[in-house]
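Below you'll find the structure, written out as structure tokens, and then a few comments.
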Amino acid sequence: MRFLLFSLCLILVCGCNREPPRQLRVHGKVLVNGRPLLGGTVVFIPDEKRGTRGPIAFAVIDSDGSFELATENGPGAMMGWHLITVAPAPNSMDMIDGLERYRHPDLSGLDYEVREGSENSVVLKLEYNQ
């Protein structure tokens, strides 16, 4: 009985000391055929298959192709692996068609590991297909 009580207390103490995953600054640039994507959105989806959990991080892409991620909890993205989607601005129909695969996390081929102690600067290189 004492062993069972001790085991239960040990589990509770260890579980209570666990820190939640950290949210870290992530910034970067989106290039299409080597040139900056002029607007749109980028989304980092935590890859649960690789153990990353937490809110989705997103950003609006600036006119020079740059972005800075944030979640509903503030700036940055969760530490760990993410699947990435990119969507051009809604007013550029030709870009939307040519970059369609990048709008789907399982088809984009884009992923990134957000790491502590790293600058977490990402360059996403997309290929435009007509």
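The values are calculated or read from the model by the stated rules, or taken from the named source; none is laboratory data. Everything numeric in this text was worked out from a predicted model, so none of it was measured. As a convention, Cβ positions derive from the backbone with ideal geometry for all residues, glycine included, and neighbour counts pool all protein chains shown. To get the accessible areas, we keep the full protein, side chains included, count just its heavy atoms, and leave off ligands, DNA and RNA. Shrake-Rupley method; radii C 1.70, N 1.55, O 1.52, S 1.80 Å.
So here's what we get for this one:
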item	result
Test: residue in region 4-25 that is more than 12 Å from the chain's Cα centre (by Cα), modelled with pLDDT under 90 and β-branched (V, I, T)	yes
Unique residue being out of contact with any strand residue (DSSP E or B) (no Cβ under 7 Å at 6 or more places or on another chain) and at pLDDT 95 or above when the list is G109, G76	G109
Subset tally (residues that are surrounded by fewer than 16 Cβ atoms within 10 Å (Cβ to Cβ) and either under 13 Å from the mean Cα position of the chain (by Cα) or not in a loop (DSSP other than H, G, I, E, B) (or both)) for region 28-52	6
Wholly enclosed strands (runs of 3 or more DSSP E) of region 53-130 bearing at least 3 residues open to solvent by less than 40 Å² (accessible area, probe 1.4 Å) and out of contact with any Gly (no Cβ under 7 Å at 6 or more places or on another chain)	80-88
Residues within region 88-111 that are within 16 Å of L31 (Cα to Cα) and touching a residue at least 60 places away in the same chain (Cβ under 8 Å), tallied	3
